[in-house]
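Written below as structure tokens is the structure these notes are about.
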Amino acid sequence: QVQLVESGGGLVQPGGSLRLSCSASGSRFSIAAMGWYRQAPGKQRDLVADIARDGTTNYADSVKGRFTISRDNAKNTVYLQMNSLKPEDTAVYYCKVVTAYTIYWGQGTQVTVSS
């Protein structure tokens, strides 16, 4: 029943910025963690960043210093601010929500970094 709504993807030039948003609704249980994963063609889905309810964060080495994850617990929303984007960041970005019993995935939003 949980629904994840993602927004913010698009086409951006190298060095540019985008902000992704993901809002969760319909959960009967508290959301323990939220995060972002990405998948490029021919690649597996890999962690970009995640954040616990208390604000503890975890980032992939490839995005440290460039991306920032945050969440608004009152709105059940997670954000990913992406700066200094590189062509290597091009992928479908998926929102992930973790409760005590279930992992939920968003439908994905395309991020393309190209000149």
Of all residues in the stretch 33-59, which are among the acidic types (Asp, Glu) and modelled with pLDDT under 95?
Asp54
Residues being assigned to a strand (DSSP E or B) and in contact (Cβ under 8 Å) with a residue 24 or more places away in the chain - total across the stretch 23-66:
14
Is one or more of the residues making up the stretch 42-50 among the polar types (S, T, N, Q) and out of contact with any strand residue (DSSP E or B) (no Cβ under 8 Å at 6 or more places or on another chain)?
yes
Determine, yes or no, whether Arg28 is closer than 20 Å to Thr112 by Cβ and of a type in the set (Lys, Arg).
no
Subset of the stretch 8-36, residues within 14 Å of Trp105 (Cα to Cα), under 14 Å from the mean Cα position of the chain (by Cα) and open to solvent by less than 40 Å² (accessible area, probe 1.4 Å), comes to Ser21, Cys22, Ala24, Ala33, Met34, Gly35, Trp36
Among the residues in the stretch 75-95, are any within 13 Å of Ala24 (Cα to Cα), surrounded by 13 or more Cβ atoms within 10 Å (Cβ to Cβ) and basic (Lys, Arg)?
no
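The values are calculated or read from the model by the stated rules, or taken from the named source; none is laboratory data. All figures in this text were calculated on a predicted structure; none of them were measured in a lab. No Cβ is skipped: glycine too gets one built from the backbone with ideal geometry, and neighbour counts run over all protein chains shown. When the accessible area is computed, the model is the full protein with side chains, heavy atoms only, and any ligands, DNA or RNA have been set aside. Shrake-Rupley method; radii C 1.70, N 1.55, O 1.52, S 1.80 Å.
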